[in-house]
Amino acid sequence: MKELLPLGSVVRLKGATRRVMIVGRLQNLKNQPELYDYAAVLYPEGLIDSEHFYVFNQEDIDCLFFIGLQDVEEFNYRFELEKHIPS
């Protein structure tokens, strides 16, 4: 089972020049059934508008720059969230 990164993690995707910050996990696009591991916004700009969300999967990550906050609440939530990851 893959382990999801916490919110606030900053990554660069394969083939990209800009970094993104993870703001959601197990996300899908409106009216589309495909489930993605992450939703992100540009870093360092953050949320610009609803058109600037990026969805991607763990295997799309090229480089990890920063791991977001990990505390007891995060670990407990991630444990529950990872139960919903399709095999």
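The values are calculated or read from the model by the stated rules, or taken from the named source; none is laboratory data. The shown structure was predicted, so the numbers you read here are calculated from the model rather than taken from an experiment. All Cβ positions, glycine included, derive from the backbone under ideal geometry; neighbour counts span all protein chains shown.
Quick one: is GLU45 in a helix (DSSP H, G or I) and charged (D, E, K, R)? No.
So, of the residues in region 13-28 that are of a type in the set (S, T, N, Q) and either under 8 Å from the mean Cα position of the chain (by Cα) or more than 21 Å from GLU74 (Cβ to Cβ) (or both), which turns out to be surrounded by the fewest Cβ atoms within 10 Å (Cβ to Cβ)?
Within region 13-28, the first condition is being of a type in the set (S, T, N, Q), and the residues that meet it are 17, 27-28.
Adding the requirement that they be either under 8 Å from the mean Cα position of the chain (by Cα) or more than 21 Å from GLU74 (Cβ to Cβ) (or both) leaves 17, 28.
Values: THR17: 6, ASN28: 12.
That would be THR17.
Look at region 51-79: where a residue is assigned to a helix (DSSP H, G or I) and a partner is modelled with pLDDT of 95 or more and surrounded by 14 or more Cβ atoms within 10 Å (Cβ to Cβ), sitting 6+ places away or on another chain with Cβ atoms under 6 Å, you get ASP60/LEU13; GLU74/PRO6.
Residues of region 11-34 that are in a strand (DSSP E or B) and either touching a residue at least 40 places away in the same chain (Cβ under 8 Å) or not polar (S, T, N, Q) (or both): VAL11, ARG12, LEU13, ARG19, VAL20, MET21, ILE22, VAL23, GLY24, ARG25, LEU26.
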